[in-house]
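Report on one structure; see the data block that follows.
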Amino acid sequence: MIELKDFTKRYGRHTAVEGLNLHIPPGELFGFIGPNGAGKSTTIRFLATLLKATSGDGVINGYSVRRQPLDVRRSIGYMPDNFGVYEGMRVWDFMEFFASAYQIPRSRRQRAIEEVLALLDLGGKRREYVNSLSRGMKQRLSLAKALVHDPPVLILDEPTSGLDPRARIELKTLFRQLRAQGKTILLSSHILAELADCCSSLGIIERGRLLMAGPVEEISRRITPHRIIQIQLLEPAEKALPILQQQPQIVHLRAEEHTIWVELAGDDAAAAELLHQLVQAGLRLHEFAQQEANIEEIFLRVTQGMVG
């Protein structure tokens with residue numbers, strides 16, 4: 001649904017993005033992560049047809065970004081990192097303007113606007129002036145504008161930047177709902193925690209180069225091939241150490257008060273056997289669970305060159 005082919009962008013002697021290749025299948029919520037200045041916004045602006053490539057191309061919904069920009073624009077909903085200023089324009093007028101720009105027929109325009117305002121809980125704001133809205137409501141309105149023509153692809157540049165915690169949670173819930181509706185979403189951020197609980201796949205970019213991309217679980221397995229199990233006890237962790245130290249499939253373990261983290265080389269059967277051994281020894285367990293992929297850890301390992 002979204003593809004980049006050797007995308008390169010240079011500004012004089014400065015290379016913003018170098019030979020970027022990327023494939024995002026339909027229905028993915030793809031987190032594009034990297035520090036400020038890594039090349040995220042440059043890549044996104046190219047995909048949104050707002051920036052010309054030095055070389056390479058992109059394909060969105062089957063259309064070439066370089067050769068078929070109008071078809072690409074009809075296929076995407078783009079949400080920039082800066083909302084802009086719309087002095088003296090009411091919410092409904094704002095939506096009417098963009099619905100007209102997307103050439104939605106007048107016979108369908110009112111219903112399309114009503115539906116997207118309802119989806120984003122903006123129905124009660126239709127008569128309010130855009131510049132009077134809170135930042136969170138402006139972000140919702142910007143997303144409503146991107147959705148009004150019902151595009152299959154959403155490209156969102158730092159959509160939660162500057163929002164309070166409640167507004168961030170609400171927006172991320174909306175992203176998950178949109179993905180459930182079949183949208184393909186590319187979402188950029190330099191705040192890793194923002195993507196930890198909503199993205200199905202990731203791309204990590206630094207200094208204009210894509211370091212790694214793929215499903216979160218796959219990337220996690222590549223950099224940490226062994227499963228990490230967290231064991232919480234109702235007694236001091238040291239009581240479990242003699243048993244754990246005898247298990248040949250435990251590669252590494254770390255204990256702290258009532259908690260032990262175990263790096264296990266085995267499969268599900270090995271994990272089940274480990275749990276059985278602890279219970280058989282009479283240890284009182286509060287929790288025995290495999291730790292989920294940690295995006296912060298993934299990012300640090302990849303960007304520090306810990307994987308090939």
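The values are calculated or read from the model by the stated rules, or taken from the named source; none is laboratory data. Remember, it's a predicted structure, so these values are computed and weren't measured experimentally. Quick reminder, even Gly has a Cβ in these numbers, built from the backbone with ideal geometry, and neighbours come from all protein chains shown.
Any residue in segment 59-84 that's in the same structural domain as residue 49 (by TED's automatic domain parsing) and over 18 Å from residue 20 (Cβ atoms): show its pairings with residues that are among the acidic types (Asp, Glu) and assigned to a loop (DSSP other than H, G, I, E, B) at Cβ separation under 8 Å, as long as the two are six or more apart or on different chains.
Here the result reads 81/158, each pair linking segment 59-84 to a residue that is among the acidic types (Asp, Glu) and assigned to a loop (DSSP other than H, G, I, E, B).
Quick one: which of 44, 24, 60 is crowded, with 23+ Cβ neighbours inside 10 Å, aliphatic (A, V, I, L, M) and under 15 Å from the mean Cα position of the chain (by Cα)?
44
Can you say whether residue 77 is part of a strand (DSSP E or B) and within 28 Å of the chain's Cα centre (by Cα), as far as the supplied structure shows?
yes
Criterion first (under 27 Å from residue 171 (Cα atoms), hydroxyl-bearing (Ser, Thr, Tyr), in contact (Cβ under 8 Å) with a residue 60 or more places away in the chain and surrounded by 15 or more Cβ atoms within 10 Å (Cβ to Cβ)) does residue 49 satisfy it?
Spelling it out, it is not the case that residue 49 is under 27 Å from residue 171 (Cα atoms), hydroxyl-bearing (Ser, Thr, Tyr), in contact (Cβ under 8 Å) with a residue 60 or more places away in the chain and surrounded by 15 or more Cβ atoms within 10 Å (Cβ to Cβ).
Under the condition of being within 18 Å of residue 73 (Cα to Cα) and of a type in the set (Asp, Glu), which residue from segment 147-187 is surrounded by the most Cβ atoms within 10 Å (Cβ to Cβ)?
Here the residue is 157.
Would you check if there is a residue in segment 175-182 being more than 22 Å from residue 84 (Cβ to Cβ), in the same structural domain as residue 85 (by TED's automatic domain parsing), touching a Phe, Trp or Tyr at 6+ places or on another chain (Cβ under 7 Å) and at pLDDT below 95?
For segment 175-182, residues more than 22 Å from residue 84 (Cβ to Cβ), in the same structural domain as residue 85 (by TED's automatic domain parsing), touching a Phe, Trp or Tyr at 6+ places or on another chain (Cβ under 7 Å) and at pLDDT below 95: absent.
Kindly indicate which of 136, 124 is assigned to a helix (DSSP H, G or I) and either closer than 26 Å to residue 27 by Cα or of a type in the set (Ser, Thr, Tyr) (or both).
136
Counting only residues that are in contact with a Ser or Thr (Cβ under 9 Å, 6 or more places away or on another chain) and not in a strand (DSSP E or B), which one in segment 165-188 is farthest from residue 33 (Cα to Cα)?
167
Which one is nearest to residue 291 (Cα to Cα) among residues in segment 245-266 that are aliphatic (A, V, I, L, M) and part of a strand (DSSP E or B)?
262
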